[in-house]
Amino acid sequence: MTANPPSQGVSLGMPQLPAPDFPADVRSRLEADAAVIIARYPDSRSALLPLLHLVQSEEGHVTRTGMRFCAETLGLTTAEVTAVATFYTMYRRKPSGDYQVGVCTNTLCAVMGGDAIFDELKEHLGVGNNETTPDGKVTLEHIECNAACDYAPVVMVNWEFFDNQTPDSAKALVDDLLAGRQVVPTRGAPLCTYKETARILAGFPDEREGAVEAGGGAGPASLIGLRIARGEPPHTPIVHPRGEARGDAGTEGGE
């Protein structure tokens, strides 16, 4: 009896070679930053999440080299680091654009126009979900919830809010990003690149002038229930669509 020949195209399951290390100068700089992060925690392994943001700020996504660095720095296995990096969607696993444009397609945003925005942006940019424009500037993705249902439909760029969007305003937004024009979120700090955002998420201060003061908070639509519970006179919250001056939208009722 002769053995059957192996099927063509079947992988032998050979493991990948060990990930390469960062260049010495980059590793030295990351080690200094990692020491600052780890010092915040009583148990070093608790620093894994911000360390993943740190390596993402270096390369724009979490590479095998970045996961190796986290594992060696925290005394973990690469399997433990990989399990975390692949669980959370804020960690990118492939090269991404300077601006991550996330369209909420969860129930309320979808009903209010999120699905239409996402479909039109895919056609407008010529990319699909989790794909990047050829110039490397914009990555488009759908997000399950942006935690801003009272401003639906919502688009986020590098985790900053753009409230009450329409297909036309969303297309104008990405056109501005592609052209390098200044874009101002509805709420929150001025935009920075995805790498810069990752460093801020790693716990390092945003040193841009005025950025901290401009940090986004809950808007009137989010706080109306609290105001009513406090016995304050009800009022009509005003949301300013992108491109509309605040003075053009009227004033809040009762004020």
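Going 7 Å from the Cα of M90 along its beta-carbon direction, which residues of the range 154-183 have the amide nitrogen within less than 15 Å of the resulting point? Flagged as within label range: 156-161.
In order along the range 118-135, the Karplus-derived 3J(HN,Hα) couplings, from 6.51 cos²θ - 1.76 cosθ + 1.60 at θ = phi - 60°, round to 5, 5, 6, 5, 4, 5, 5, 8, x, 9, x, 5, 6, 10, 10, 4, x, 7 Hz, and Gly and Pro are given as x.
Shape summary of the range 115-159, radius of gyration then Dmax from alpha carbon positions: 11.1, 34 Å. Close amide H contacts of I143 (hydrogens built in the peptide plane, cut-off under 5 Å, sequence separation of 5 or more or a different chain): V103, C104, T105.
Straight-line reach from K122: taking Cα to Cα under 17 Å and skipping same-chain neighbours fewer than 8 places apart, the lysines in range are K137, K171. In order along the range 174-180, the Karplus-derived 3J(HN,Hα) couplings, from 6.51 cos²θ - 1.76 cosθ + 1.60 at θ = phi - 60°, round to 5, 4, 5, 5, 5, 7, x Hz, and Gly and Pro are given as x. Hydrodynamic estimate: the Kirkwood radius of the range 3-157 over Cα pairs, inserted into Stokes-Einstein at 37 °C and 0.692 mPa s, corresponds to D of 181 µm²/s.
Report the net charge of residues surrounding A116, where surrounding means a beta-carbon distance below 13 angstrom and charges are Lys +1, Arg +1, Asp -1, Glu -1. Summing Lys/Arg as +1 and Asp/Glu as -1 gives -3. With contacts taken as Cα pairs under 8 Å at a separation of at least 6 residues, the range 55-149 carries a relative contact order of 26 percent. Under 5 Å between amide hydrogens, built in the peptide plane, is the criterion, and for A189 it picks out G216 among residues at least 5 positions away or on other chains. For the pair R29 and E72 in one chain, pulling the backbone fully straight at 0.36 nm per residue adds 14.0 nm over the alpha carbon distance.
Across all Cα atoms of the range 70-140, the radius of gyration (one decimal) and Dmax (whole number) stand at 16.0, 47 Å.
Values quoted throughout were computed directly from the atomic coordinates according to the rules given, and no laboratory measurement underlies them. Computed from a prediction, not measured in an experiment: that's the story for all the values here. When we count neighbours, we look across all protein chains shown, and the Cβ atoms used for this are built from the backbone with ideal geometry, even at glycine.
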